[in-house]
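Read the structure below first, then the notes.
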Amino acid sequence: MLVLAVIMIAAGTAKFLYDDFYKLKEADLILFMGQSNMSGADGNAAEAPELIKGAGYEYRAITQPDELVILSEPFGENEHKEDYLDDRGLISRSGSLATAFVNAYYEQTKERVVAVSASRGSARVSSFNNYLLEDVIERLEGAKRVMSEQKVNIRHIYMVWLQGETDAYLEVPEEEYIGEMQKMLFTLQPYGVERCFVIQIGNGSSDGIPFDCTTMQKTQEKLCEIDENFVLVSTLGKTLSEPPYMVDGIHFTQQALNILGEDAGTNAGKYVQSVTEGR
């Protein structure tokens, strides 16, 4: 029988929860970024899949900044930083796509994941460039520090991106959105982020009135076509626009988040494997 062990290192260093059999020695570090659907605004943790043992861990930059914990839902529930990546007063983080993504990614790559919550409801991509990336980078660097202290080798660093509904509502031009996305990744690359895995947005409505998301969906497709640093890992969002997949015309249910997470994790994992095997 596996024994759940808790190691507590001296004050000032990290502590780490793990099953003895699944002791973490190497992992891919992945930022989960975007707006409310990435935060899991209308998710339900009880309906999220069970995590494959040993597949995923979480760095909680705000509530537990000196340790790694086993990934659980609601992912990022309390990881709010005032004036930055803060969903308090906006939405409740009640269940996410992270576990479904990690399970599928692990099944493809056999590589464990350390996940970092880095999303904010209603955020435009320009908001990340203007000020939110400061918080994202702090969270990333904190995760790298703890993994280094625990002698966990970082194989790859990626970001998963689910955002664009606000920019679609505001009718942000294609050229502007693509430029902001490239600027964001360019800022993160010196910190080790290698690729941005894009989950295409679904359809949208505001106060019950639908607004056009097809232009943004095409913009995201174009971004991934013209820039190899961006990889489109799911286009299923636009097929999940009705109950039981959407709550209010814009926010996905947990059932939809599970579908998106599994699809994106599978395709991201296949991409990583193809790159690794092609070396």
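General observations
- Exactly one residue out of Met147, Met159 is touching a Cys at 6+ places or on another chain (Cβ under 8 Å) and aliphatic (A, V, I, L, M), and it is Met159.
- Conditions (1) within 22 Å of Arg93 (Cα to Cα); (2) β-branched (Val, Ile, Thr); (3) crowded, with 16+ Cβ neighbours inside 10 Å; number of the one not met by Val272: (1)
- Exactly one residue among Gly261, Gly265, Gly278 is loosely packed, with under 15 Cβ neighbours inside 10 Å and out of contact with any Gly (no Cβ under 7 Å at 6 or more places or on another chain), and that residue is Gly278.
- Scan of region 184-242 for residues that are farther than 22 Å from Leu260 by Cα, in contact (Cβ under 8 Å) with a residue 12 or more places away in the chain and aromatic (Phe, Trp, Tyr), ordered by number: Tyr191
- Region 204-226, subset among the aliphatic types (A, V, I, L, M) and surrounded by 15 or more Cβ atoms within 10 Å (Cβ to Cβ), residue farthest from Glu171 (Cα to Cα): Leu223
- Residue in region 128-140 that is free of Cβ contacts under 8 Å to residues at least 60 places away in the same chain, under 19 Å from the mean Cα position of the chain (by Cα) and more than 29 Å from Glu26 (Cα to Cα) present: yes
- Residue count, region 158-186 (criterion: out of contact with any Lys or Arg (no Cβ under 8 Å at 6 or more places or on another chain), surrounded by fewer than 16 Cβ atoms within 10 Å (Cβ to Cβ) and either modelled with pLDDT under 95 or farther than 11 Å from Cys213 by Cα (or both)): 6
- Scanning region 243-258 for residues that are part of a helix (DSSP H, G or I), touching a residue at least 60 places away in the same chain (Cβ under 8 Å) and crowded, with 20+ Cβ neighbours inside 10 Å returns Gln254, Leu257, Asn258.
One line per residue, one yes/no per condition, for (1) farther than 22 Å from Tyr177 by Cβ; (2) of a type in the set (S, T, N, Q):
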site	(1), (2)
Asn203	no, yes
Lys222	no, no
Asn229	no, yes
Leu232	no, no
Thr235	no, yes
Asn258	yes, yes
Gly261	yes, no
Ala268	no, no
Glu277	yes, no
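- Test: residue in region 77-91 that is in a helix (DSSP H, G or I), out of contact with any Pro (no Cβ under 8 Å at 6 or more places or on another chain) and crowded, with 23+ Cβ neighbours inside 10 Å: no
The values are calculated or read from the model by the stated rules, or taken from the named source; none is laboratory data. Values in this document were obtained by computation on a predicted structure and should not be read as measured data. Because the Cβ atoms are built from the backbone with ideal geometry, glycine has one as well, and the counts that use them run over all protein chains shown.
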